[in-house]
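Written out below as C-alpha cells is the structure these notes cover.
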C-alpha cells in the first residue's frame, strides 16, 4: 500500500492523532511556561540558589524519556495525565534557563535607572526586565516546544495518543507506512511551531531592540 | 535643602561613609568629587535612599527622608546615571514621560511636558520624540537622560558622573546645557564626578571626599586658593599652576624692604662713608622716633656740605612718598612722572616701610606673571 492511499484511507484518524498531539504539546509547554517563568524570575531574585536549581533541572533533562514515562506509568497509571506530567517536566528547563539568563543579562544600567527614578520592584520587572528579556524567554519556549513535539511521540506508549500511536504501531508491525504517517506530520508540526514562535518572537521584540536595517 | 547628619555607611568591615555631615542649600549646584572609593556615589545614592545609611539621617527640607517610602521619594528626585540607562524598549517620548506616568499624570500633560523639555535642549519633537535610544548619539541619549530626570519637575536632581562616558566636546556642550537649565529652572543639583575640570566649571560648591570623609567643602575659588589637603592640591593640579597669583595692588607689594636710613643728627662725613659702604648715592633721613624726614644725596653734601654738620641741614624734602596701603598705581604714576629714581613707602606712623625703585617694580610684576624670581 503506498503512502498516499494509506493516508487517504486513515486521514480522519490521523487528524485526531494530530489534534491530540498538538494538545499534548500546547498543554505541557503551557504548563511548563507558567511554571518556569515565575521560577526563573524567583531565581534572579535569589541568585545563590540558581546554580543548584538549574543543575537539578538539567539533570532531569538527561533522564531518558522512556525511563520517565516508565516512572509516570508506575506512579500515575496510563493515559493522558501521566504523559502530560512527563512532558511538562521536560518543557521546563529551556524556559527556566532562558528566563533566568534573559533577566540576568539585562544591564544593571537599566535596572538601576528604573529603581532610581522610582519604579517599584514589580514595575522594574514588568516595565523593564521582562520586556528586555522577552526575546530570550520566547526563544526558550521555542526550543522547548520543538523538543516536546518529538518527545510527545513517546506518549503514545502509555496510551496518551498522538502521532506516536502510528509510529509505535508501525514499529510493532514492521509497517514503514505507519511509521512515516506518524513521523512526517510530527516533523512538520515541529517546523510549524518553530516558525510560528519565531514570528511571535520578532513581533514581540520591542522596536528599539530590533536590529537596525 | 539637603542635610546629612552624622551619616555612616558600612559594608561589613569597610566604612564607605564615615560620620558625614553637611548641608546643601536649595538652588545650589553642588559637585561631589574625590578619588574612586571615596564615597561620593554612596553619598549621592543615600539622598534618594538607594542606599540606607546606618547610623545617620538625611533630611530634605528638614524632613527625615525615611518618613516616606523610597519609591515615592525617588519619584520626587531626578536621577541621572553615567550609563544613561534610557530604556531601549521605549521611545524618546516614553522615556521622558516615564516618571510622570508613574505619578499618573494625565496623558495630555505628559505630552506637554515632553514637548517643553525637548524644546529646552533644542531637539525638535517631530524629529526625536518617536526615535528609540539606539537611534541617537551618546550625547543626545544623555540629553534625554537629563530630561527624563527633569520630567516631573523635581526640585532636586542627582547626577552620578553623567558625562563620564562622553567625548570631551560633547561633554562640554552638555555641561553648559545642564548649568543653563539648572539656573533657569532653579534646581538643586548634586553632581558626582572625578573630573576636576567639570567640578570647577559647574559647581557653586565643591565637596571633596576621601575615604568616606569630607576633606573640604568650599566654593571653587576658595578651593583653588586654599586647598585644605595635599590630595585636593593634587586633584587641582594644573589648575593651581595655571592660576596666576593676583597682580599686586598696593604700594607695599612693589617695595623693597631694605632701606638705608640715617638719623638726622648724623654728621656729613659719616653719612658719606655709609653711602660708600652700601654703594648707594642717597640715604633716607629719619628722626629719633624713626619718622621719615626726607632724603640726603651724596651730590648735595659734596656741593655745599661742610664737615661736622648734621645731615638734616642738607635735607631734600621733595622726595616722593606714598603710604604703604595706597594704590600701587599712585606710586607708579609718581615714579614714572618724575625724574626721581625711587618713591619712599611710609607706614601710617610715617616711619619708613620700604622703597619702590624701578628695579623693585619690575621684580614685583615679574613675580606676578611668572612666580618667585631670584634677584
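The values are calculated or read from the model by the stated rules, or taken from the named source; none is laboratory data. Quantities reported herein were computed from a predicted structural model and do not represent experimental measurements. Reconstructed Cβ throughout: ideal geometry from the backbone, glycine too, with neighbour counts over all protein chains shown.
Does residue A:177 fit the bill of being farther than 30 Å from residue B:152 by Cβ and either crowded, with 23+ Cβ neighbours inside 10 Å or within 14 Å of chain B (Cβ to nearest Cβ) (or both)?
So residue A:177 does not fit the description; no.
Within region B:90-100, track down each residue that is facing another protein chain (nearest Cβ under 10 Å), touching a residue at least 40 places away in the same chain (Cβ under 8 Å) and surrounded by fewer than 23 Cβ atoms within 10 Å (Cβ to Cβ).
The answer is B:90, B:91.
I'm trying to understand the selection: among the residues of region B:76-92, which are under 39 Å from the mean Cα position of the chain (by Cα) and at pLDDT 90 or above? Write out each step before concluding.
The first filter runs over region B:76-92 and keeps only residues under 39 Å from the mean Cα position of the chain (by Cα), leaving B:76-87, B:92.
Result: B:76, B:77, B:78, B:79, B:80, B:81, B:86, B:87, B:92.
Give the residue, chosen from B:296, B:284, that is assigned by TED's automatic domain parsing to the domain that holds residue B:323, in contact with a helix residue (DSSP H, G or I) (Cβ under 7 Å, 6 or more places away or on another chain) and modelled with pLDDT of 85 or more.
Values: B:284 fails: in contact with a helix residue (DSSP H, G or I) (Cβ under 7 Å, 6 or more places away or on another chain).
After ruling out the rest, the residue left standing is B:296.
Restricting to region B:27-85, and then to whatever is assigned to a strand (DSSP E or B) and within 11 Å of another protein chain (Cβ to nearest Cβ), can you tell me which residue is farthest from residue B:100 (Cα to Cα)?
Of region B:27-85, the ones assigned to a strand (DSSP E or B) are B:29-33, B:57-60, B:63-64, B:77-81.
Okay, now just the ones that are also within 11 Å of another protein chain (Cβ to nearest Cβ), so B:77-81.
Values: B:77: 12, B:78: 12, B:79: 14, B:80: 16, B:81: 19 Å.
Step by step, filter region B:27-85, then rank; the result is B:81.
How about region B:138-172: which of its residues are surrounded by fewer than 21 Cβ atoms within 10 Å (Cβ to Cβ), away from chain A (no Cβ under 14 Å) and outside any helix (DSSP H, G or I)?
Of everything in region B:138-172, those that are surrounded by fewer than 21 Cβ atoms within 10 Å (Cβ to Cβ), away from chain A (no Cβ under 14 Å) and outside any helix (DSSP H, G or I) turn out to be B:155, B:166, B:167.
From the residues in region B:122-137 that are closer than 21 Å to residue B:172 by Cβ and surrounded by fewer than 18 Cβ atoms within 10 Å (Cβ to Cβ), which one is nearest to the other protein chains (Cβ to nearest Cβ)?
B:137
Checking residue B:131 against (1) in contact with a helix residue (DSSP H, G or I) (Cβ under 7 Å, 6 or more places away or on another chain); (2) part of a loop (DSSP other than H, G, I, E, B); (3) over 23 Å from residue A:132 (Cβ atoms), which test does it fail?
Exception for residue B:131: condition (3).
Quickly run through region A:43-70 and pick out the residues that are within 17 Å of residue A:153 (Cα to Cα) and in contact (Cβ under 8 Å) with a residue 12 or more places away in the chain.
Let us first name the residues in region A:43-70 that are within 17 Å of residue A:153 (Cα to Cα), namely A:61, A:63-70.
A:61, A:65, A:66, A:68, A:69, listed by residue number.
For region B:206-221, state whether one or more residues are more than 26 Å from residue B:46 (Cα to Cα), free of Cβ contacts under 8 Å to residues at least 60 places away in the same chain and assigned by TED's automatic domain parsing to the domain that holds residue B:77. Write out each step before concluding.
Residues of region B:206-221 more than 26 Å from residue B:46 (Cα to Cα): B:221.
Narrowing the set further to residues that are free of Cβ contacts under 8 Å to residues at least 60 places away in the same chain leaves B:221.
Then keep just the ones that are assigned by TED's automatic domain parsing to the domain that holds residue B:77; that gives B:221.
For region B:206-221, residues more than 26 Å from residue B:46 (Cα to Cα), free of Cβ contacts under 8 Å to residues at least 60 places away in the same chain and assigned by TED's automatic domain parsing to the domain that holds residue B:77: present.
With closer than 30 Å to residue A:183 by Cα, more than 14 Å from chain B (Cβ to nearest Cβ), in contact (Cβ under 8 Å) with a residue 40 or more places away in the chain and surrounded by fewer than 17 Cβ atoms within 10 Å (Cβ to Cβ) as the only criterion, which of A:30, A:79 stands out? Working first, answer last.
On the way: A:30 fails: in contact (Cβ under 8 Å) with a residue 40 or more places away in the chain.
Unique residue meeting the criteria: A:79.
Would you be able to tell me the number of residues in region B:188-239 that are on the phi > 0 side of the Ramachandran plot and over 16 Å from the mean Cα position of the chain (by Cα)? Lay out the reasoning, then the answer.
Kept after step one, since they are on the phi > 0 side of the Ramachandran plot, are these residues of region B:188-239: B:211-212, B:237.
After this cut, where a residue has to be over 16 Å from the mean Cα position of the chain (by Cα) as well, the list is B:211-212.
The qualifying residues number 2.
Mind checking which residues of region A:71-107 are more than 21 Å from residue A:153 (Cα to Cα) and not in a helix (DSSP H, G or I)?
A:105, A:106, A:107
The rows are residues; the columns are (1) in contact (Cβ under 8 Å) with a residue 24 or more places away in the chain; (2) in contact with a helix residue (DSSP H, G or I) (Cβ under 7 Å, 6 or more places away or on another chain).
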residue	(1), (2)
B:4	yes, no
B:8	yes, no
B:12	no, no
B:38	yes, no
B:43	yes, no
B:46	yes, no
B:69	no, no
B:87	yes, yes
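Please pick out the residue among A:151, A:168 that is in contact (Cβ under 8 Å) with a residue 24 or more places away in the chain, away from chain B (no Cβ under 14 Å), in a helix (DSSP H, G or I) and farther than 30 Å from residue B:151 by Cβ. Steps first, please.
Numbers: A:168 fails: in contact (Cβ under 8 Å) with a residue 24 or more places away in the chain.
Checking each option against the conditions leaves just A:151.
Within region B:53-95, how many residues turn out to be out of contact with any strand residue (DSSP E or B) (no Cβ under 8 Å at 6 or more places or on another chain) and under 30 Å from residue A:135 (Cβ atoms)?
Here the count works out to 16.
Going by what's in this entry, would residue B:111 be described as assigned to a helix (DSSP H, G or I) and either at the interface with chain A (Cβ under 9 Å from one of its Cβ atoms) or in contact (Cβ under 8 Å) with a residue 24 or more places away in the chain (or both)?
Details: assigned to a helix (DSSP H, G or I): yes; either at the interface with chain A (Cβ under 9 Å from one of its Cβ atoms) or in contact (Cβ under 8 Å) with a residue 24 or more places away in the chain (or both): no.
It is false that residue B:111 is assigned to a helix (DSSP H, G or I) and either at the interface with chain A (Cβ under 9 Å from one of its Cβ atoms) or in contact (Cβ under 8 Å) with a residue 24 or more places away in the chain (or both).
Please work out which residue is nearest to the other protein chains (Cβ to nearest Cβ), limiting yourself to region A:191-209 and to residues that are touching a helix residue (DSSP H, G or I) at 6+ places or on another chain (Cβ under 8 Å) and surrounded by fewer than 18 Cβ atoms within 10 Å (Cβ to Cβ). Full working, then the answer.
Let us first name the residues in region A:191-209 that are touching a helix residue (DSSP H, G or I) at 6+ places or on another chain (Cβ under 8 Å), namely A:193-194, A:197-198, A:200-201, A:204-206, A:208-209.
When the remaining residues are screened for being surrounded by fewer than 18 Cβ atoms within 10 Å (Cβ to Cβ), the result is A:194, A:198, A:200-201, A:204-206, A:209.
Details: A:194: 25, A:198: 19, A:200: 16, A:201: 14, A:204: 10, A:205: 9, A:206: 3, A:209: 5 Å.
Per the stated criteria, the residue is A:206.
Looking at region A:117-138, is at least one residue free of Cβ contacts under 8 Å to residues at least 24 places away in the same chain, buried (at least 23 other Cβ atoms within 10 Å of the Cβ), within 14 Å of chain B (Cβ to nearest Cβ) and assigned to a helix (DSSP H, G or I)? Talk me through it step by step, then tell me what you get.
First, pick out the residues of region A:117-138 that are free of Cβ contacts under 8 Å to residues at least 24 places away in the same chain: A:117-124, A:126-128.
Remaining after also requiring buried (at least 23 other Cβ atoms within 10 Å of the Cβ): A:117-118, A:128.
Checking the rest, the ones that are also within 14 Å of chain B (Cβ to nearest Cβ) come to A:117-118, A:128.
Keeping just the survivors that are assigned to a helix (DSSP H, G or I) gives A:128.
There is at least one residue in region A:117-138 that is free of Cβ contacts under 8 Å to residues at least 24 places away in the same chain, buried (at least 23 other Cβ atoms within 10 Å of the Cβ), within 14 Å of chain B (Cβ to nearest Cβ) and assigned to a helix (DSSP H, G or I).
Take residues that are modelled with pLDDT of 90 or more, surrounded by 15 or more Cβ atoms within 10 Å (Cβ to Cβ) and in contact with a helix residue (DSSP H, G or I) (Cβ under 6 Å, 6 or more places away or on another chain) and tell me which of the strands (runs of 3 or more DSSP E) falling wholly in region B:313-358 contain 1 or more. Walk me through how you get there before you give the answer.
Working: elements: B:321-323, B:342-346, B:352-357.
It comes to B:342-346.
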